[in-house]
Amino acid sequence: MKVKTILVSQPAPKTETSPYFDLSEKQKVKVDFRSFIHVEGVEVKDVRAQKIDLNQHTAIILTSRNAVDNFFRVAEEMRFKVPDSMKYFCQSEAVAYYLQKYVVYRKRKIYVGNRTFPELCKLIKKHKDEKFLLPASDKLKDLIPEELNALGVDWKPATLYRTVVSDLSDLEDVFYDILVFFSPSGIDSLFQNFPDFKQNKTRIAAFGNTTIKAVTDAGLVCNIMAPAAETPSMTMALEKYIKEANKK
């Protein structure tokens, strides 16, 4: 079956140079965006209930922009002045760049990993004497505590934000040829919003092994998988599939 419409379960890109816009134009398909999940900050009283004392930590591990935003939000609400001596361990350059929203970059000790958490751990290992705080969501990946525990460092997780299912009720009678997912939470949202969802002729695209597993565990067929050797990005995987489907 030909592909004419795609729904990406993420917010619309803020830049006009997004590869999704190129995909839409080149393949003559309609691409819509909608967050299936969103993030909500945990209230300070709930953070205190976790026995989090920001004064006890000398370094912060930041894995995402949400972690950055919520750490500084909680610090402000707790009236904690983040000391200039605080060290920041950022999982990627994008996270480190975003950190500039809150700190003067050149005056801080900032260490930047190479995208994956195991790569960041190589830097953390060199600073084993620090007391690390990990701002995290309620859906912390198992890999992160496993890696930190293996290093034997002094660290503590702080649940500062939660992943919440978005209301998609307005999409009940809207149908797309392809639904694109990037996390198991997106699949959870699909079935919480539409418990009787049947895949029928809808194609499912999933990015990452955990998302692909969530698709199949839900009894759905995963038609498009990324990353792969030939298609390292989701847009490349979609384009490859659309070219084959639409030439038939």
### Query
Leaving out ligands, DNA and RNA, what percent of the accessible area of the stretch 127-248 is carbon and sulfur, probe 1.4 Å?
50
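Can you bin the stretch 3-141 into rounded, prolate or oblate? Criterion: square roots of the alpha carbon gyration tensor eigenvalues sorted a ≥ b ≥ c, rounded for a/c under 1.5, prolate for a/b above b/c, oblate for the rest.
prolate
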### Message
On a full-extension model of 0.36 nm per residue, what is the gain between V164 and K30, subtracting their alpha-carbon distance, rounded to one decimal in nm?
### Response
45.5 nm
### Message
Which lysines, if any, have their Cα less than 20 Å from the Cα of K128, not counting same-chain residues under 8 positions apart?
### Response
K87, K109, K156
### Task
Scan [x] 119; [y] 109; [z] 150 for the value of volume of the Cα convex hull per residue in Å³ calculated from this model and give just the label.
[z]
#### Entry: Accessible area (Å², per residue) of the stretch 68-145, counting only protein heavy atoms and a probe of 1.4 Å
60
### Message
Which one, M86, P135, V8, projects farthest toward the positive side of the charge dipole computed for the chain from Cβ point charges (K/R +1, D/E -1)?
### Response
M86
### Task
Let me know the Rg and Dmax you get for the stretch 125-248 when you use only its Cα atoms, in Å.
18.7, 61
### Task
Taking a cut-off of 18 Å between Cα atoms, list the aspartates and glutamates near K107, but don't count ones fewer than 8 places away on the same chain.
D84, E93
### Pairs beyond 27 Å (Cα-Cα), from K125/K213; K4/K139; K45/K139; K30/K201; K4/K141
K125/K213; K4/K139; K4/K141
#### Entry: Residues whose placed amide H lies under 5 Å from that of G113, excluding near-sequence neighbours
C90, Q91, S92
#### Entry: Partners for K81 among aspartates and glutamates (Cα-Cα distance below 13 Å; same-chain residues under 8 apart left out)
D53
### Query
K4's amide H: which non-local residues (gap 5+, or another chain) put their own amide H closer than 5 Å, with H modeled 1.01 Å from N in plane and none for Pro or chain starts?
D177
### Task
For D154, list long-range residues whose amide hydrogen, built 1.01 Å from N in the peptide plane, is under 5 Å from its own amide hydrogen.
F132
### Query
Taking the chain as a Gaussian network, Cα atoms linked when under 10 Å apart, which of V153, V104, V165 shows the biggest mean-square fluctuation?
V104
### Message
Just to check I understand the Karplus step: with θ = phi - 60° and J = 6.51 cos²θ - 1.76 cosθ + 1.60, what whole-Hz values come out for the stretch 46-58, glycine and proline as x?
### Response
6, 5, 4, 5, 7, 6, 8, 10, 4, 5, 7, 10, 10
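The values are calculated or read from the model by the stated rules, or taken from the named source; none is laboratory data. In this text the structure is predicted, and so the values were computed from the model without any measurement. With ideal geometry, Cβ positions are generated from the backbone for all residues, glycine too; neighbour counts draw on all protein chains shown. In case anyone asks, the SASA skips ligands and DNA or RNA and just uses the protein heavy atoms, side chains included. Shrake-Rupley method; radii C 1.70, N 1.55, O 1.52, S 1.80 Å.
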